[in-house]
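Student: Please see the structure below; I have some questions.
Every number here is computed from the coordinates shown, using simple stated rules; none is lab data. This structure is a prediction, so every number in the text was calculated from the model and none was measured. Virtual Cβ from ideal backbone geometry, glycine too; neighbours counted across all protein chains shown.
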Amino acid sequence: MKFFLRRFVALIFTLLAVSVLCFVAFKIIPGDSAMLKLGMDADDAAIEALRHSMGLDRNVFVRFADWIKGIAVGDFGSSSQYSVPVLDLLLPRLRVTTLLALEAIVIMLVIAFPLGFLTAKKENGFFDRTISFLGQVTMAIPPFFLGIVLTLIFGVILHLFVPGTCPKWEDGAGELMLYLIWPAIAIAIPKISMVVKFLRSSIFREYRMDYVRTARSKGVTERNVLRRHVLKNAMMPVITFTGMMIADILAGSIVVETVFNVPGIGKSLILSIANRDFNVAQTIILYISFLIITMNFIVDVLYKAVDPRV
Amino acid sequence: MKNRVKTFNFIFGMILIALVLIPVIMGFFWMPYDPAAMDINARNQAPSLAHIFGTDYFGRDVFCRVLIGARMTFMVGAASIAIGCVLGTLVGAFTGYFGGPVDEVVMRINDALASIPSVLLALVLVGVVGSNRYLVIVTLGIVFTPSFARVARGEFMKGRDMDYVKNAKLMGAGPFRLMFVHILPNTAAIMISSIAIGFNNAVLAEAGLSYLGIGAQPSDVSLGRMLAEAQGYLFTAPWFALAPGLTIVITVLGFALVSDVFGSSSARVRGVSNKRRLSKLIEEQAAKEKREDAANELRGELVRRTVTNEYETPAVTRKEALRKDIVTANTLLEVDKLSVGFYENGAWERIVKGVSFTVRKGEIVGIVGESGSGKSMTALAVMGLLKQNGHITSGSIVFDGNELTKLSAAEYRAIRGAKMSMVFQEPMTSLNPVVKIGRQVEELINIHGLPGSGVYADKRVSKELVCATLGECGLKEPESLYDMYPHQLSGGMRQRVMLAMAMICGPKLLIADEPTTALDVTTQAKILKLIRKMNESYGTAVIFISHDLRIIRKLCDRVVVMKNGEIVEKGTVEEVFEHPLAVYTKKLIAAAPENLSLVKPKVFTEERRLLRVQDLNVWYPSNSGRLFAKKTKKMVVKNANLEIREGEILGLVGESGCGKSTLAKAVSKLLKTKSGKVKLNDTDIRMVFQDPFDSLNPAKKVGWLLKEPLRLSRRFGRKEMEKQVDDILTKVELPVRYKDRYPSELSGGERQRVAIAMALILKSRLIILDEPVSALDVTVQEQILKLLVKLRDEYNLSYLFISHDMQVVRRICDNVAVMYKGEIVEYATPEEIFSSPKQEYTKKLINAAEINI
């Protein structure tokens, strides 16, 4: 319990720190948004008036407090590009991104774990070495290139989907889900390789431990040595790692969304940064970092629950 | 790195890197086309001899564009990783080495930064500040700093606690010298690996950013941007996308493969998995061994007697030393000409060479030998627990009427744990850390059924049996223990749990492999008593493996002496210990500490005090490093008083955790949290540490290590230093050519000699020896002790000799201080302490050391 509380306090502090960074990055560094809005040549009085009406002439701390208050009630400001509240702009996109992430996570989990166990059956066996090498190759492919290759093979050559035409949510969730399978695969493949590699090395590390020899000296079958002894130990670091991967997927479809032209928050982030629409960008960044930090927290707590030693 | 998989990866990786880098470098000097030149007549041409990667929409040569694009991408990657590596190493070095609250804060920030995907962070920074190539470099550099910082911090933390760093600190090396001269070279392998991985990440990140159109100016050519442009022409000119994409893949794959070789430290060993091939290999090896043995037999006894001088009097033959095994109806285990070999990387290594011995029902047979004698391998072969590449090449093992070498895996499993069980050396790692104690013990009756009947019991009955067995093994409150995890138990308790597991099925044979070596002497005595009790009350035969002759002598009925995989002598304990026939046995017995005669009582005529410790208190600040925690003191040494005169050896004995090493560190000023007086009379203090594998910097040659104290003193010229090194090597009886060797090329005893030489080279007169021989084999231990005494006599040195071994202390010291729970409870000459110990604890220690069981 004490551990939980301590981690929870740390979580709050980290979230606060990220908010401060975000505020500094988007509200302080880019310079005066009144000036940005009116241009360099605007006369000082006009700028001053706008500054006042935007509240920019107040103390930095007051501005930060106001900003946090706004976030707490869901007011993230409005998009300078589309002139609509950020939340209205992003919520439908968040829906798409979440769907994409979920598909990718499912693909990752369904493939990575069985594959990891299979490779772990025999260290340096043919299967193990083949999968390890394939893993090295897939981890070397940049996600956007993987997306392009998938588009080329399954879209251009096999005509399984039409590249660049992502159905809208309103057109039916089923069709959207079908299209999203391709970007989901592009996201999942490198993560699968990472999880398999991690799982494999974790299992082999445990196999070298003394307690495995003890188990064998008791007459435990190889099957049960793996299931009752090795896996229990090997899975703990894997839980953490998979948690990190999931957080990564939830956050990391930025590039792949652009490749497949998926109208999610990743694509919005790129567009908003390119167009200097900072309210939008800052909201997405906040969302992603909060998500990752919270996921890490959950994984930590989970780890504690599973491992008697911590 | 000698195994095939790794070498293949390394070479293949290098080829891939060369495949990309050579054309890119070539591109600086020669380009077939101007990469910017547009040719409207040659739009979107497929790859051909003229344009090997084809042309793009504007008719530009894709090959040339890939070359300059790769140039840009690699440059950004290399530059940013250089920034990240330097910054990260600095941050990691300082936080890791100094630790404390700054470390805590920096690492929290580091973790927060590292948890955010690097592309995202770079996106934000570049997006907010503006788009510019140099900014991307700096940004990526900062983005990659945390990962380097974390790696470097880990390495420097590890390094800081290494004995070789403490040693250098003691010689006066400052923190910067320690960090960058002593520790940094040892991080090379892992840093190279991190750099390769980091370079990959930087290349991927740069490509990602430029693909998204962020960071590169529109005029810049980069691989990512090319891909973004190519995406529009996937239908018409797919080669335009493939060329830059594959360039990235090949580069990244190449670096990943190469870095793998440096990264994972676990050496993969290649054995044989094909069963038919394996049995053929074993057959071949068995035939070869047979020929070798026969040849040895022919040259045989003569060679043994004269050349290796194994048996000194011609009258004594090898056959006699191997007194005949009595095979009767009582024989439980008969090992006959057992050979064990390891097949690794295409070659056999013989570990056990034709070993024969028997164990009768209910007797205790000791196997004694030094490290590498093959005693553990013999035991593991009997248990059928040889590691993956270990195989029985020839010989037979008959246990309870069954030929074990012919059993199937399932038949063997039915015997293991039920009729034959084993206790291992390391109680700390031999139990599964995440399974409850009760479940681990219970597993045996779940596999084999209840002892005697073999009936599978219900949960209640098995729990009762488990608790009863735990209780019998001397564990209190077995019911609450049932639900505990191994980490909640002390080493001695864990070894009792191991014994409970070994005994619960009522086995006929118990194999104990150095079961008490990792334990304190008083605990050791208790475990030995327990083993004897099990032997007496259940008639369980025991094979007791140990390097300690004292234990073997007290515990066993018969004994087998092993050396280099062979049995050199066997017989009853009386026969072997009273009338040893083999030279090696005699040497072993003579080297045992209780038989050493090293120091004649010394009369101190002129009382020159070198060291005086008065009312010394030492503590560790607990919860150190945590930022807001209350600082509390954990007292480790309380009110210690001692003094060392010139030429005196003061022994400091006690069990692990009693504070003896802490006292030494405080005296040598490695620890600063102390009160009281430490007065040194005109000398420096040097230390020799326990583990000779930790106390010499593995990245430096012996000569460099020996010169370090001279360099730090700044009093010697180059030639003089060389001469000093040669002299000191001769003094510690090492060949002068050893100065060009790395510590890893020396044996444990030789390293300890180097450590002693380092302590002596500046003519310090007081040396703290912190368990200097306890990691060594007995015969080596004897040599080192003799050397220490010889040096003391020659140069009138003084030692503070820290040890857990009462027998060693008794033979070597002029005075002995006994420590218990941080206090010096007794302080007198060895004679006084051993003849009339005043404290209960001292009595217990002496009793345990003499193994009165």
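Student: What Kirkwood hydrodynamic radius do you get for the stretch A:93-268 when you take the inverse of the mean 1/r over all pairs of distinct Cα atoms, in Å? Let's see the in-between values first.
Tutor: On the way: mean 1/r = 0.0568 Å⁻¹.
Taking every pair of different Cα atoms in the stretch A:93-268, averaging 1/r and inverting gives 17.6 Å.
Student: For the protein assembly as shown, place one equal point scatterer on every Cα, skip the solvent, and apply the Debye formula. What is log10 of I(q)/I(0) at q = 0.09 Å⁻¹?
Tutor: Result of the Debye calculation: -1.25.
Student: Expected output is a single nm value to one decimal: the length gained when fully extending between B:LEU407 and B:GLU575, i.e. 0.36 nm times separation in residues minus the C-alpha distance. What is it? Before the final figure, lay out the partial values.
Tutor: On the way: separation 168, 0.36 × 168 = 60.48 nm, distance 3.55 nm.
Taking 0.36 nm per residue and subtracting the Cα distance, the gain is 56.9 nm.
Student: Here's another thing I want to ask about it. Once you keep just the Cα pairs under 8 angstrom separated by 6 or more residues, what percentage relative contact order results for chain B? Working shown, then result.
Tutor: On the way: 1512 pairs, mean separation 95.9, N = 853.
Relative contact order of chain B: 11 percent.
Student: Short version: what are the Cα gyration tensor semi-axes of the stretch B:10-93, square root of 5 times each eigenvalue, largest first, in whole Å?
Tutor: The answer is 34, 15, 10 Å, longest axis first.
Student: Can you sort B:MET721, A:MET54 so the residue with the fewest Cβ neighbours within 10 Å comes first?
Tutor: In increasing order of surrounding Cβ atoms, one gets A:MET54, B:MET721.
Student: Just the number, please: percent antiparallel of the DSSP beta bridges in the protein assembly as shown, rounded to the nearest 5. Show your work: numbers first, answer last.
Tutor: Details: 49 of 87 bridges.
So the antiparallel bridges amount to about 55 percent of the total.
Student: Cross-link partners among aspartates and glutamates for A:LYS197, C-alpha distance below 18 Å, same-chain residues fewer than 8 apart left out?
Tutor: Here the aspartates and glutamates satisfying the reach criterion relative to A:LYS197 are A:GLU123, A:ASP128, A:GLU206, A:ASP248, B:ASP260.
Student: Tell me, what is the Rg over Rh of chain B, with Rh the Kirkwood radius over Cα pairs?
Tutor: Working: Rg = 33.3 Å, Rh = 32.1 Å.
Rg/Rh: 1.04.
Student: Using r as the Cβ-Cβ distance of A:ALA65 and B:VAL138, and R0 as 25 Å, what FRET efficiency do you calculate, to the nearest 0.05?
Tutor: After rounding, the FRET efficiency stands at 0.20.
Student: Can you sort B:LEU787, B:LEU769 so the residue with the fewest Cβ neighbours within 10 Å comes first? All intermediate terms of the calculation are to be shown ahead of the outcome.
Tutor: Working: B:LEU787 17, B:LEU769 28.
Final ranking by Cβ density, sparse to dense: B:LEU787, B:LEU769.
Student: Quick one: if you stick a label point 7 Å off each Cα along the C-beta vector at B:MET75 and B:ALA188, how many nm between them?
Tutor: Inter-label distance under the simple model: 3.1 nm.
Student: Note down the net charge around A:MET245, summing +1 for each Lys or Arg and -1 for each Asp or Glu among other residues with Cβ under 12 Å from its Cβ. Please list the in-between numbers first.
Tutor: Working: positive: A:LYS191, A:LYS197; negative: A:ASP248.
Its environment carries a net charge of +1.
Student: Using Cα atoms only, what is the angle between the long axis of helix B:275-306 and the major principal axis of chain B, expressed in degrees (0 to 90) to the nearest 10?
Tutor: In chain B, helix B:275-306 runs at an angle near 50 degrees to the longest axis.
Student: Suppose every Lys and Arg Cβ carries +1 and every Asp and Glu Cβ carries -1, with no other charges. What dipole size does chain B come out with about its Cα centre, to the nearest 20 debye? Kindly include the intermediate steps, with their values, before the conclusion.
Tutor: Numbers: 111 positive and 89 negative charges, 212 e Å.
Using Cβ point charges on Lys, Arg, Asp and Glu, chain B gives about 1020 debye.
Student: If I fit a long axis through the Cα atoms of helix B:437-448 and take the longest principal axis of the Cα atoms of chain B, what angle between them do I get, 0 to 90°, rounded to 10?
Tutor: Helix B:437-448 sits roughly 80 degrees off the main axis of chain B.
Student: So, one more: Which value, in Å to one decimal place, does the Kirkwood hydrodynamic radius take for the stretch A:1-140 when every pair of different Cα atoms is included? Don't jump to the answer; show the numbers that get you there.
Tutor: Values: mean 1/r = 0.0489 Å⁻¹.
Final number for the Kirkwood radius of the stretch A:1-140 is 20.4 Å.
Student: Could you tell me which of the pairs B:LYS288/B:LYS406; B:LYS672/B:LYS843; B:LYS660/B:LYS843; A:LYS218/B:LYS290; B:LYS158/B:LYS660 are separated by over 27 angstrom between their Cα atoms in the structure shown? Intermediate results must be reported in sequence, preceding the final value.
Tutor: On the way: B:LYS288/B:LYS406 21 Å; B:LYS672/B:LYS843 33 Å; B:LYS660/B:LYS843 19 Å; A:LYS218/B:LYS290 34 Å; B:LYS158/B:LYS660 22 Å.
Result: B:LYS672/B:LYS843; A:LYS218/B:LYS290 exceed 27 Å.
Student: Here's something else I'd like to know. Of B:LYS669/B:LYS763; B:LYS169/B:LYS821; B:LYS790/B:LYS838; B:LYS387/B:LYS570, which sit over 22 Å apart, Cα to Cα? Can you show the working numbers first?
Tutor: Values: B:LYS669/B:LYS763 19 Å; B:LYS169/B:LYS821 28 Å; B:LYS790/B:LYS838 32 Å; B:LYS387/B:LYS570 27 Å.
Among B:LYS669/B:LYS763; B:LYS169/B:LYS821; B:LYS790/B:LYS838; B:LYS387/B:LYS570, the Cα-Cα distance tops 22 Å for B:LYS169/B:LYS821; B:LYS790/B:LYS838; B:LYS387/B:LYS570.
Student: Would you mind checking the tilt of helix B:118-129 against the longest principal axis of the Cα atoms of chain B, expressed as 0 to 90 degrees and rounded to 10?
Tutor: Computed tilt is about 40 degrees.
Student: Averaged across orientations, what area in nm² does the convex hull of the alpha carbons in chain A project? Walk me through the numbers before you get to the answer.
Tutor: Details: hull surface 84.8 nm².
For the Cα atoms of chain A, the hull's average projected area reads 21.2 nm².
Student: With r defined as the distance between the Cβ atoms of B:GLN388 and B:ASN41 and R0 fixed at 51 Å, what FRET efficiency is calculated, to the nearest 0.05? Can you show the working numbers first?
Tutor: Numbers: r = 65 Å, r/R0 = 1.27.
According to the calculation, E is roughly 0.20.
Student: Let me ask something additional. What does the structure give for A:143-153 when I average, per residue, the other chain Cβ atoms found within 10 Å of the residue Cβ? Please report the intermediate quantities before stating the final value.
Tutor: Numbers: counts 5, 11, 15, 2, 3, 10, 6, 0, 4, 7, 1.
Across A:143-153, the average partner-chain Cβ count within 10 Å equals 6.
Student: Please give the contour-minus-distance gain from B:GLU536 to B:ASP483: 0.36 nm per residue of separation, less the Cα-Cα distance, rounded to one decimal in nm. Write out the running numbers ahead of the final one.
Tutor: Values: separation 53, 0.36 × 53 = 19.08 nm, distance 3.01 nm.
Length difference between fully extended and current span is 16.1 nm.
Student: Something else: Report the charge-dipole magnitude of the protein assembly as shown in Debye, nearest 20, computed about the Cα centre from +1 at each Lys and Arg Cβ and -1 at each Asp and Glu Cβ. Walk me through the numbers before you get to the answer.
Tutor: Details: 142 positive and 112 negative charges, 390 e Å.
Here the protein assembly as shown has a charge dipole of around 1880 debye.
Student: Along the Cα→Cβ direction, 7 angstrom out, place labels at A:LEU158 and A:THR98. What is the inter-label distance in nm?
Tutor: Here the modelled spin labels are 3.1 nm apart.
Student: Same structure, new question: Given a Förster distance of 60 Å, report the FRET efficiency between A:GLU175 and A:ARG205 from their Cβ-Cβ distance, rounded to the nearest 0.05. List each step's numbers first, then the result.
Tutor: Numbers: r = 45 Å, r/R0 = 0.75.
Efficiency computed from Cβ-Cβ geometry: 0.85.
Student: A further question on this structure: Which length gain, in nm to one decimal place, applies between B:LYS436 and B:ASP726 when the Cα-Cα distance is subtracted from 0.36 nm times their residue separation? All intermediate terms of the calculation are to be shown ahead of the outcome.
Tutor: Values: separation 290, 0.36 × 290 = 104.40 nm, distance 5.70 nm.
Result for the pair: 98.7 nm of gain on full extension.
Student: With springs connecting C-alpha atoms under 10 Å apart, model chain A as a Gaussian network and identify which of A:GLU206, A:GLU257, A:GLU48 has the largest mean-square fluctuation.
Tutor: Judging by the Gaussian network model, the answer is A:GLU48.
Student: A follow-up question, please. Can you tell me what share of the DSSP beta bridges in chain B is antiparallel? A percent to the nearest 5 is fine. Please list the in-between numbers first.
Tutor: Values: 48 of 86 bridges.
Roughly 55 percent of the DSSP beta bridges within chain B come out antiparallel.
Student: Go through B:LYS419/B:LYS586; A:LYS122/B:LYS337; A:LYS168/A:LYS191; B:LYS166/B:LYS679 and tell me which ones have a Cα-Cα distance over 29 Å in this structure. Numbers along the way, then the final one.
Tutor: Working: B:LYS419/B:LYS586 36 Å; A:LYS122/B:LYS337 32 Å; A:LYS168/A:LYS191 27 Å; B:LYS166/B:LYS679 21 Å.
From B:LYS419/B:LYS586; A:LYS122/B:LYS337; A:LYS168/A:LYS191; B:LYS166/B:LYS679, over 29 Å: B:LYS419/B:LYS586; A:LYS122/B:LYS337.
Student: At most 13 other Cβ atoms within 10 Å and a DSSP loop assignment: could you name the trypsin sites (Lys or Arg not before Pro) in the stretch A:174-247 that fit? Mind showing how you got there, number by number?
Tutor: Working: sites: A:LYS191, A:LYS197, A:ARG200, A:ARG205, A:ARG208, A:ARG213, A:ARG216, A:LYS218, A:ARG223, A:ARG227, A:ARG228, A:LYS232; in loops: A:ARG208, A:LYS218.
Of the trypsin sites (Lys or Arg not before Pro), the ones in loops of the stretch A:174-247 whose Cβ has at most 13 other Cβ atoms within 10 Å are A:ARG208.
Student: Something else: Check cross-link reach from A:LYS69 to the lysines: straight Cα distance under 17 Å, and skip same-chain residues fewer than eight apart.
Tutor: A:LYS27
Student: Would you list, by chain and number, the aspartates and glutamates whose Cα falls below 17 Å from the Cα of B:LYS476, excluding same-chain residues fewer than 8 positions away?
Tutor: B:GLU464
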